[in-house]
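Working notes, structure below.
The values are calculated or read from the model by the stated rules, or taken from the named source; none is laboratory data. This is a predicted model, so every value here is computed, not measured. Note that we place each Cβ from the backbone using ideal geometry, even for glycine, and neighbour counts take in every protein chain shown. Accessible surface areas use protein heavy atoms only, side chains included; no ligands, DNA or RNA. Shrake-Rupley method; radii C 1.70, N 1.55, O 1.52, S 1.80 Å.
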Amino acid sequence: MKRFLYLCFILLITYTAQSQKIVQTIRGNVIESDSRLPLPGATVAVYLDSNLIDGNITDQNGRFRIDGIKVGRYTVIASFMGYETEVIPDVIVNSARQTILNLELQESIHQVKEIIVTDEGRKGEALNKMASISARVFSIDETDRYAGSRGDPARMASNYAGVVGNNDASNDIIIRGNSPMGVLWRIEDVNIPNPNHFGVAGNTGGPVGILNNHVLTNSDFYTGAFPAQYGNSVAGVFDLSLRNGNNEQHEFSGQLGFLGLELNGEGPISRSSGASYLAAYRFSTLAMVSAMGVNIGTDAVPHYQDLSFKINLPVNNRTHVSLFGIGGSSGVDIIKSTQLAPDPTDVYGNQDSDEHFRSKMGAIGLNVTHSINNNTFYKITVSTSAEQTSNIIDLVVRHITNNLFVIDSIYASQGYRFTQFKHGLSFVLNKRVNNRNTINFGIYNDLYQYNFKDSIYNKLQNTFITRLNHQGFGLLAQPYFQWQYRASETLTFNTGIHGQWFGLNNSFAIEPRIGMRWQTSEHDILSFGIGRHSQILPTYIYFAGKELPSGDISQPNVNLGFIKSDHFVLGYDHYFSGNLHMRVESYYQHLFNIPVTLTPSSYSILNEGDELNRFFPDSLQSTGTGRNYGIDFTLEKFFSNKYFAMLTGSLFDSKYIASDGMLYNTVFNAKYIVNLLATREFQWGKKNNTIFEIGGKITYAGGKRYTPIDTAASNLVGYAVMIDALRNTKSVRNYFRADVRIDYKLNTKKVTHEIGLDLVNLFGIKNVYKIRYVGGTNPLQEEYQIGFLPIFYYRIEF
C-alpha cells in the first residue's frame, strides 16, 4: 500500500509539472578581465544547439538579465566590440533557482574588429589566461556528471589524463608519478591545508572531501609547468573559487545521501548594494548506511561534518569585499581487538591496533579587490587556517588459531597531537600595459605556527619515548612576477619568475617559468611549458628526531632544503569541431634535492604520501634525485546533442636514485592508466522539464607497487620486515573498476527534485590495496579495496 501511494505521489508531481510552463532567469554581469571594471553595452546571447534563443545588452553596471528561459542546457556567449568573445557551454537552467553567470572579456589585440558570434568556443581551456599548458577548467556540473566521483572535485580530477586514481580508500591525486604530497590546494587566493576529512599530517588527500561542490564555481586544475603565481608545489595545483550567493532572492536546497545530510542557503543581504550570502552545512550519515548492512570499507563508523560559506559585499563598481571560509571535523574509532577473524576487505587503520583518530581543518579569509583605473586592479587577501590531527593507539598482540584471532595482550603504543596554524597575507596587482602586454605580480606570505607532540612506547625500556615536541613559527614568503605578451591573435608567450624563502632554515629558490601557446590553424594548437618548482617538506619532519638525555629532541632534519623539480612539457591540441577535442602532452620532470637517508639505503621521500600514515625517517640528506616522464592523451566529446564522452590515457615511468646509488621504481609507478567515461541525457514532458541521465566509467590501471616482505625475518620479530634492496620491485594485480551513475531530475514551477544513484565498482572486483604481513602458517595476505558500493541521494531545491 505504501509503495502504491508513493507511486501515485510521483505520478501526480510529474503530471502537474508537465502541465506547467517552467521557465527561469539567466542573469549576471560582464567585466573586463584586466581591470575588473563592468562592461556596459556588451551583448549576452543564449543558444540551444546553435539556435539563438534570446539575448540582452548589459546596463551601465555591466549587468544583464534574460527572463523566460525554459529549463534545459544552453550555451551562453558574451561579446563586445574590441574584445574576444567568451563562450560558456553547458549552462544548466533549473526551475528552482536563477542561473547567475560572472563573465570576463579580454581585450583583443585589434581594437576594432567584427565580432563573429559562434557557439564553438575553446571548451575546457583554463580560466587563467597566464596558463599555457597542462591546465584545464573543470565545472561543478562535471563533479556530478562523472560516474564514481561522488561530488568530490579530487575524485573527479582522477579522470583527467596524467592523474592516477587507483586508490578507493582515499581521494589522493597522483599526478604524473608524483607523490600526492606535491599537490597545492588554493581557494580564493588562500593556500589552504588538506581539505579532506580524516586527513593525516603531511598528506593532501582523504576518504571524504570537505569541499562542497555546490558552493564552488568553475575552477582550474594544473598538472605541470604551471604559471609563476603558484609555488610550494612540485606536482600540480587545484585553484578553486567559491561562487557568490544570489543577491536578488533567497534560495535553499537540501540533500540526503551516502556522503551526508546537506543543507544549503543563499540570498541577498542588501538588494540595493548587491550584497549576498552563501552557506552550506553537511553532516555524516554513514552511521545510517552502515546500519543498513552496506560495506563502507570498515566496521568502524566514521563521523564528520563540514561548513562552507561566502559573504559578498560590493562597495561600488570599483571595490568588492568578500568574507569566506571552509572547515570540517571528523573522527573514527577503529577497534581491531574485537575482530574474531582477519578481514581482507577492511582497508582502514593498522590491522593490529585500536585507534581513536580525530582531525579538524578550517580556513577563513577576507579579500578586497579594487580597480585603480581602466587597466589596473589589485587584490589583497588576509587569512588564517588551521589543521589538527590526533590519535591514541593501543597495540593488539594476538595470533591466529584455526583461522580465528586469539589475543595475547593489549597495551598503549602511541599518542600524538599535531596542530598547525597558517596566517596568510597576499597582494596581487594586475596591469594591462597595452593590448599586447599584461603584467601580473605579487607576494604570498604564510606564517606557520606549530604545536607538535608525539610519543611512542618502547617495550624494551618499558617507557614512552618522545620523538616530537615542538612549538614555534616559520615564514614562507613567495614573491612572483609574470608577463604575458600576445605577439598576435594566435601566438601568446607567458613568462615569469617565482621566488620562495622559508625562514625556518633560510631555504631560498629562484624559479623561472616560460610558456608558449601557438594556434597554427583554425583547429590546431601547439604549446610548451618549462619551469622550476620547489616545495617544503611536511613541516613536522623538520622537528622530529630522537629524544636526548637532556629531554630535547635531536631534530636532525631541520636544515633540509626545498624539494626541487624542473618541468618540461610539450602539447598538441586538435579541435575536430567545437565539441570534439583531442589533446596530447608529453613531459619530462627532473627532481633533485630529494631527501634520502644518510646511511646508504633504498629510502626516498618521493615514496611518502602513499597511505594515510605519517612517517618518521632517519637522518636525511638532500642528495637524492628522481625523474618522471610520459605521455598523456585525451579525446573528449563535450556535452552536446544530449551526450558526453571522454577517453583519457597515460603511459609513464617514475623512478628515483636513493643514497645507495641504485635506481628504483617509486611506489606510484603504475606505468599506465586508461579511463573511459560517457553520459547520455534524456528529456521528456511537454516542457522538457523531466531529465533522466545515465552514465558510466571504466578505469584500468597498473597495479600498486610494493616491497617484498622477508617472511623468515618477519616471523622472528613478529612484524613485517621489508627487503630493502628490492623496494617497489613487485606490484599487485592490475586495477579495474566500472561505475554507473543514474540521475532523475524533475523541474516543477518553483521546486527541483533530483534522485541519483552511483553504483561504484559495479562488478565487485577485488582490487588489491596492499600485501600485509599477518604471521602464522600463511604470513602474507592480500588486503582488498572497497567492493561494490551503492551511493544513493535525494536532492531538493526551492
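Between the stretch 362-392 and the stretch 208-255, what is the C-alpha centre distance in whole Å?
13
Given DSSP loops and a limit of at most 10 other Cβ atoms within 10 Å, what is the longest stretch of the chain that contains no such GluC sites (Glu not before Pro)?
115-521
Calculate how steeply helix 2-18 sits against the longest principal axis of the alpha-carbon atoms of the chain, using the helix alpha-carbon long axis, and give the answer as 0 to 90 degrees to the nearest 10.
40
For the stretch 688-733, what percent of Cα pairs sit more than 14 Å apart?
Result for the distance tail: 67 percent.
Tell me, what is the Rg over Rh of the stretch 371-480, with Rh the Kirkwood radius over Cα pairs?
Here Rg/Rh amounts to 1.36.
Just to confirm the filter: which trypsin sites (Lys or Arg not before Pro) across the stretch 636-712 are DSSP coil and have at most 12 other Cβ within 10 angstrom of their Cβ?
LYS686
Taking Rh as the Kirkwood radius, which is the inverse of the mean 1/r over Cα pairs, what is the Rg/Rh value for the stretch 420-473?
1.49
Specify the inter-centroid distance of the stretch 491-570 and the stretch 466-481, based on alpha-carbon positions, in whole Å.
Centre-to-centre distance over Cα atoms comes out at 15 Å.
Residues with beta-carbon under 12 Å from that of ARG176, excluding ARG176: net charge, scoring Lys, Arg +1 and Asp, Glu -1?
Within the 12 Å Cβ shell, the charges total -2.
Summing -39500 (n - 2.57) over the DSSP H runs of n ≥ 4 in the chain and dividing by its residue number, what mean residue ellipticity at 222 nm do you reach, to the nearest 500 deg cm²/dmol?
For the chain, the value works out to -1500 deg cm²/dmol.
If you average 1/r over every pair of different alpha-carbon atoms in the stretch 218-257 and take one over that average, what Kirkwood value in Å do you get?
By the Kirkwood definition, the hydrodynamic radius is 13.6 Å.
Would you mind counting up the charge near ALA487? Only other residues with Cβ under 13 Å from its Cβ, with Lys and Arg at +1 and Asp and Glu at -1.
Neighbourhood net charge equals +2.
Across bins of 10 angstrom width beginning at 0, how are the C-alpha pair distances of the stretch 550-705 distributed, in whole percent?
Using 10 Å bins, I get a P(r) of 9, 25, 24, 18, 13, 7, 3, 0, 0 for the stretch 550-705.
Bins of 10 Å, beginning at zero and ending with the bin holding the largest distance: percent of Cα pairs per bin for the stretch 170-216, please.
Histogram of Cα-Cα distances, whole percents per bin: 27, 56, 17, 0.
Using the Cβ atoms and a cut-off under 15 Å, what net charge is assigned to the surroundings of ASP710, where Lys and Arg are +1 and Asp and Glu are -1?
+2
Per residue, how much accessible area does the stretch 159-254 have with a 1.4 Å probe, in Å²?
15
With only alpha-carbon atoms in the gyration tensor, what are the semi-axes of the equivalent ellipsoid for the stretch 662-764, in Å, largest first?
Over the Cα atoms of the stretch 662-764, the semi-axes work out to 49, 15, 10 Å.
Using a 1.4 angstrom probe and counting only protein chains, how large is the accessible area of ARG772 in Å², to 10?
Estimated to the nearest 10 Å², ARG772 gives 20 Å².
For the chain, what is one quarter of the convex hull surface built on the Cα atoms, given in nm²?
Its average projected convex-hull area is 33.4 nm².
Using only the C-alpha atoms of the stretch 46-188, find the volume of their convex hull and express it per residue in Å³.
Expressed per residue, the convex hull around the Cα atoms of the stretch 46-188 is 160 Å³.
Could you state the principal axis extents of the C-alpha atoms in the stretch 25-90, from the largest down, to the nearest angstrom?
33, 20, 16
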